[in-house]
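Encoded as structure tokens, the structure appears first; notes follow it.
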Amino acid sequence: MSFFATMKAVFWSFFGVRKGKDSAHDVENLNPIHVVIAGVLGALILITILILIVKLVLSKVII
């Protein structure tokens, strides 16, 4: 499978939403190295988004 397909599978796994047949297909066809790279990349993107949201919220807080 392509790296984009792996990213898509990892994206859906972050949300825990995946059809059973699609999940079984992924297990058979995904490259483990791509899964690790996509997982790390997805985690970095998620952390970055959360940090930006926190900074945005804290900048609006009046103390």
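Name the residue, out of Val40, Val35, Val57, Val27, that is among the β-branched types (Val, Ile, Thr) and at pLDDT below 80. Show your work before the answer.
Numbers: Val40 fails: at pLDDT below 80; Val35 fails: at pLDDT below 80; Val57 fails: at pLDDT below 80.
After applying the criteria, what remains is Val27.
Just a yes or no: is a residue in region 38-57 surrounded by 15 or more Cβ atoms within 10 Å (Cβ to Cβ) and touching a Ser or Thr at 6+ places or on another chain (Cβ under 7 Å)?
The first filter runs over region 38-57 and keeps only residues surrounded by 15 or more Cβ atoms within 10 Å (Cβ to Cβ), leaving 38-39, 42.
Right, trim to touching a Ser or Thr at 6+ places or on another chain (Cβ under 7 Å) and you get 38.
Taking every residue of region 38-57 in turn, at least one turns out to be surrounded by 15 or more Cβ atoms within 10 Å (Cβ to Cβ) and touching a Ser or Thr at 6+ places or on another chain (Cβ under 7 Å).
Inside region 1-36, can you point out the residues that are in a helix (DSSP H, G or I), open to solvent by 90 Å² or more (accessible area, probe 1.4 Å) and in contact (Cβ under 8 Å) with a residue 24 or more places away in the chain?
Phe11, Phe14
The values are calculated or read from the model by the stated rules, or taken from the named source; none is laboratory data. Not measured: the values here are computed from a predicted model. Note that we place each Cβ from the backbone using ideal geometry, even for glycine, and neighbour counts take in every protein chain shown. Accessible surface is based on the protein model in full, side chains and every heavy atom, while ligands, DNA and RNA are left aside. Shrake-Rupley method; radii C 1.70, N 1.55, O 1.52, S 1.80 Å.
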